[in-house]
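Throughout, read-outs are computed from the coordinates displayed, never taken from laboratory work. The shown structure was predicted, so the numbers you read here are calculated from the model rather than taken from an experiment. Don't worry about glycine lacking a Cβ; one is built from the backbone with ideal geometry, like all the others, and counts go over all protein chains shown.
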């Protein structure tokens, strides 16, 4: 197995040996720290390897896959934020939805997907030729929107704007938060099945 040092070259200097009088040229390297950011295994990837990080990079310069490798906050902090943002995050089906989100988010690929989606939402223009609202008005197929009355991520008041943009769309309000398929699975399933049957 090859061995090496991962670091940055700082410059060249010389080391003098007083016993022999020999002067040796040396390269000065700032090594590490090199945290392991990803582990590949035969079971999941077909080979074994580790990916190391070195030196700080501004987050804005990271690509989506690279951003996914970065755990911006420790797991307990991520869990605390998610539990605080989602009402009823510790109860019943909502807890199952939160666990599923955390299971995905706490992997590099899950974070990359989450950040890519969040970036798209943040950067998407609301108005203009290619804006969200003009494109939404162009939606041709029948649509069903299921809203949670206790949703803090997309509040129920947002339904009014969607209804104005899509007057033919159907809307259903349920007594739940942001994840109706987990919090009210029976009602959500019945609504979707009835919608698709028409």
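Here are some notes:
- Descending by average beta-carbon neighbour count within 10 Å, the peptides 89-95, 179-185, 127-133 line up as 179-185, 89-95, 127-133, the highest first.
- Antiparallel %, DSSP beta bridges [both residues in the chain], to 5: 70
- Principal-axis analysis of the Cα atoms of the chain puts helix 92-105 at an angle of about 40° to the longest axis.
- Between 0 and 90°, nearest 10: helix 75-85 axis offset from the chain longest Cα axis: 20
- Max mean-square fluctuation residue, GNM over the chain, Cα-Cα springs under 10 Å, options 108, 87, 18: 18
- Applying 0.36 nm per residue to the separation of residue 164 and residue 9 and subtracting their alpha-carbon distance, the gain on full extension is 49.7 nm.
- Whole-percent pair-distance distribution, where bins are 10 Å wide, for the alpha carbons of the chain: 7, 20, 25, 20, 12, 7, 4, 3, 2, 0
- Estimated [θ] at 222 nm from DSSP helical runs (n ≥ 4, -39500 (n - 2.57)) normalised by residues in the chain, nearest 500: -11500 deg cm²/dmol
- The GNM of the chain, with springs linking C-alpha atoms under 10 angstrom apart, assigns the highest mean-square fluctuation among 124, 100, 43 to 43.
- Using a simple spin-label model with pseudo-atoms 7 Å out from Cα toward Cβ, residue 173 and residue 103 lie 3.3 nm apart.
- Chain lengthening between residue 153 and residue 90 when straightened (0.36 nm per residue, less Cα-Cα): 21.0 nm
- Once divided by 2.2 N^0.38 Å, the Cα radius of gyration of segment 1-55 becomes 1.78.
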